[in-house]
Structure formats: structure tokens, C-alpha cells
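The values are calculated or read from the model by the stated rules, or taken from the named source; none is laboratory data. Keep in mind that what you see is a predicted model, and the values were worked out from it rather than measured. No Cβ is skipped: glycine too gets one built from the backbone with ideal geometry, and neighbour counts run over all protein chains shown. Surface areas here come from the heavy atoms of the whole protein model, side chains and all, with no ligands, DNA or RNA. Shrake-Rupley method; radii C 1.70, N 1.55, O 1.52, S 1.80 Å.
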Amino acid sequence: MATRNSDFANPKPCEHLADYKLRHGLSGYKSIQKWLKASPYGKTSIKMCETNMPICRFCSGFHQGRLFLCLICSSLSCSDHTLLHTQSENGHDIAVDIERSELYCSLCSDQVYDPDFDKVVVSKNIMDMPSKTHDSVVDDLMRRSSKRKRLNPLMDLDLKRSKLLVSMMDRRAKSCYPLGLRGLNNLGSTCFMNSVLQALLHAPPFRNYFLSERHDPETCKKRSSGQLCLACDFGVIFSALYSGDRTPYSPAQFLYSWWQHSANLASYEQQDAHEFFISVLDGIHEREGKERNSNKDVFCVDNGGCQCIAHRVFSGMLRSDVTCTTCGFTSTTYDPCVDISLNMDTTNFSSVNVANKSVREDTGRSTLLACLDLFTRPERLGSDQKLYCQNCQEKRDSLKQMSIKRLPLVLSLHIKRFEHSSLRRSSRKIDWYLQFPFSLDMTPYLSPSIVRNRFGNRVFGFESDKPDISSEFEIFAVVTHSGMLDSGHYVTYLRLQNQWYKCDDAWVTEVDERIVRAAQCYMIFYVQKMLYCKANED
């Protein structure tokens, strides 16, 4: 069997971080260790002073973004001024996000990952633990010690305390967290990837496919020829998540495989989570689809003969009816889709006056059902969009109406929060609150329902009233976006066994459903109710 290309074996480190460590070693990491504070959930932040509010040295804190602590001079800069600090202080390239305790390169304008820094953070958590423990706990630790990876001796850690930390984490995980729930390390502004991966990894039919080893790396034609395969890399991640190890996992190999598939997006810059989702499914289709198309089934008709796992789980079918307003002739087309993008109604924006400038303020709210109603509502095409009518034999004004012909096993709904105007040459984010149900009945948005509402009860048998699959869905994942248009952060909320968990890169915590409902959802994932109930039973 051919080996993989060594160029993609390990992630390439940031050259500025490598230069910093060459000049300063671990001294900068250790110097801030005294300021590291862990929350009861294990999330670590930097608290330099308990009384004073940290502020940016350049803008005096009048900034809503994150603050970064320089590892050399310990000065604070906001996200808008980290580069300015680096330019004014030669060599001051590496900083730490004080809210998340993650490394940040000012020159790359990206988060960077260093396992040595993670060890410093872990060692601080260990040193802050109570020194007195129960003998039975220590005995349990000693039995596990041979299976645990020892930490760097340069950290001068107390071995018993380090074992105790691992044991406490394992016990809490086994008692509270379902198997397979594990944090993903941020490899440098990769929260967009981690958030989507968490949703994909917990989609019941997608998960069952890989856990049952339906994609075998040993027989994968791409891998045997030395090429990278996203489906194979998904199998590796599933194995890691269900290994029992609860420490955060680094999906570095998957990141580089995706970079090879989507070379135009291969960078350490923040990417759009929805664009990543589409790209990953396309990559799985490209790598796996050709090998599985020899056998025909129900999915072949609607997916052009493709039986890859991406289409079998996520692919549905949209129907588009264009009706001539002159003669009433209707032209119908069908298009496959792996998700549905929904607009939010932005007609009720309020305007405020700030410094004599008119600014549109996002003060509205909407509902997911309203978004679906808007998606299936008849739309009058403009005069510049006249379409050719086969009956009139010329271009006519027309009405267009969308509906759903076939539902997928997993329904992915994308909320269009990013608005771009070519006329005004501007972009903005819609920060509206969106109310969404945990249980969703898609019957009103299926083609039979839409056609019946359009023509009334005079139309029978135009299409079967019974959908191919159930139209009742249950929510299992919500990808949220917080922050600005170009400097935001993605987080995923997972619903497992009717309990919600927040997956914020490496950090996984239990949350109340009210937290989920109040978040700015960007992508919402539903699965057929029958599959959700079966997954909870398992």
C-alpha cells in the first residue's frame, strides 16, 4: 500500500510562533501561568487583576472585540490594534486571547496552536487542584497510569495531581457526557470547521455509517493510490471520538485533506461555516461516490445515480414552479439540494442617528416558520427577469414558487445572516433573534401542500399526498455565529439524549435549552423523528 504524501502528514506551524519560541523558549508561557484561571467547567481565561477591567492600550477599551495579551511586554490590545502593537514593537508578534487562553499571531491575524502552551494551561489547572484526595481515587489513578501519556517533565508537575485531574475528568465524562462527545482543538481560526464537524459527527445516519465501517480505508481506492480521502479522515475522527479518550482532539489531518480538496480556501483565515459544510459534502461525494454507484436504489433517481453517504443522508429535492401571469402556463423544474438557505425578513429594520450618520439597527426578531413561509411564498419576478413562456411563445412576466418535493434524512437549514449589497458596495450581519422549534413538521412546505393551497381542492392526484419519508423532524444540532461580520466566532450546540451541550472548540459543557434558544443560529440541523428516537434509545 502506498504511503501518504509527507507534505500533508503534519500541520505546518506558524513561522512567527516558531521564531518566537526559538528566541524565548517557554519563558513567555510560564510568565503568564500565574494569571490563568479555570472556570468550574474547565474553561481557562486570563485574569490579570480582579478589580480593574482590562482595556486596550490604544483605544482605551471602547471596543467590543476580544483582547490580546502580548507574551513579551504583557500589554493589552484589541483585535483592531494587535497589528499596530506589533508594528510599533518589533518582534512582539505572539499574544494570548485573554478570554479563551489561546495563542494568537498578530502578523497572521489568526489563532495558532502549540501543544507546549496547552501543557502549561493544563499544568496550571493541576496546580490549582486541592492537594488532599481520597485514597480510593488515588488507587484508581495508579491503575490507569500506564495507559496515560505523561506530561513534559520540564513542567515540574506533581504526578499524583496530574493523574487525579485525568481521573476526575474521566469520571465526570462517564457520568454526564455521552460517548463520542469530545472537544476539537482550534488549529488557527478553525472554529468554522470544528462547529460543522460536531454537527456532522453527531448526525445519526452519518454517524452510524462510519461506526459500522461502511467506508473501509483498506479497500479505499483513493487511499491505496496515495491520495487523501475525506471519508477516510472522517473514519479516523470517529475512531478517536469513540476511543474513550476525553481530551480535546486535533483534526489536523482532516484540515489538510480538506485544503487539498478546496485549494481556494486553504489558509489559516476564518472561513464561512456554511461554505465549509457544502465543500465537505462535495469532497465526500467526489471521493466516495464513484465507488458506490454500481448498485442502484431509491437515492439514484434523485441524485443522478449517486449513492455516496453525503447524498444518502443530506440530499433532498426542491421543486420550482414558474407561472406565466398572462396565460397561466406553469413550467416545473426539480433541483437536488443538500441544504436549504432561508432569508430573514429585513423590512422592519429601525434607523438610529449616530454622529449625524444614519445607521440601520438590528432590533427585530423572526421565526423559523416565517422563514420557511417566505421561502415557499410566490415571488413576482421583476421586469428584467422575464422568462420565455412555452404557451405564449414569448417572454412574459411570471410568478415563481418554491416547494420541497423530497425531504432528506437530515435536514440542514442555513439562515442568511450575512447580507451583501453590490449597489451600496457594503456588507453587514443581521443580528436578529430567530425563534426555532425543537420539533418541526415540514408537511406545509412539501409540494403537495403548496400546490393544493395554490389551486384549491380542485386539484387531486397532481402529486401523491404521502411523502416518501416522514415529514416530522427533531433538532439535534445548532451552529451559531457571534461577533462581527469579519471577526466572529462559531459555536455548536448539540442535543444528545434530550440534553444540550455547548461545543466551543476544545471546551464541551452542559447548557440549558434557554441558552440555545437565545443564541444567534446560523445553521440548524434536524433529523427524522424516528431516527432521533432510535439514536436516543441506543
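Given a 1.4 Å probe, how much area per residue of segment 474-520 is accessible, in Å²? Don't jump to the answer; show the numbers that get you there.
Working: 1890 Å² over 47 residues.
Averaged over the residues of segment 474-520, the accessible area is 40 Å².
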Built amide H within the under 5 Å cut-off of residue 418, gap 5+
430
R0 of 35 Å, Cβ-Cβ distance residue 18-residue 320: FRET efficiency to nearest 0.05:
0.10
Could you give the nm distance between label points at residue 213 and residue 73, where each point is 7 Å from its Cα heading toward the beta carbon?
5.8 nm
Enumerate the amide H contacts of residue 93 below 5 Å, restricted to partners 5 or more residues apart or on another chain; note that Pro and chain-start residues carry no placed amide H.
none
Hits in segment 184-208: amide N under 20 Å from the 7 Å Cα→Cβ extension of residue 537, namely 203-208
Point-to-point label distance, residue 512-residue 438, nm (Cα→Cβ direction, 7 Å offset):
1.4 nm
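What's the carbon and sulfur percent of segment 185-234's accessible surface, probe 1.4 angstrom, rounded to a whole number? Walk me through the numbers on the way to the answer.
Values: 620 of 1540 Å².
Carbon plus sulfur share of accessible area: 40 percent.
If the limit is 20 Å between Cα atoms, which of 47/124; 502/529; 416/534; 47/429 go over it?
Values: 47/124 13 Å; 502/529 22 Å; 416/534 31 Å; 47/429 31 Å.
From the list (47/124; 502/529; 416/534; 47/429), the Cα-Cα distance tops 20 Å for 502/529; 416/534; 47/429.
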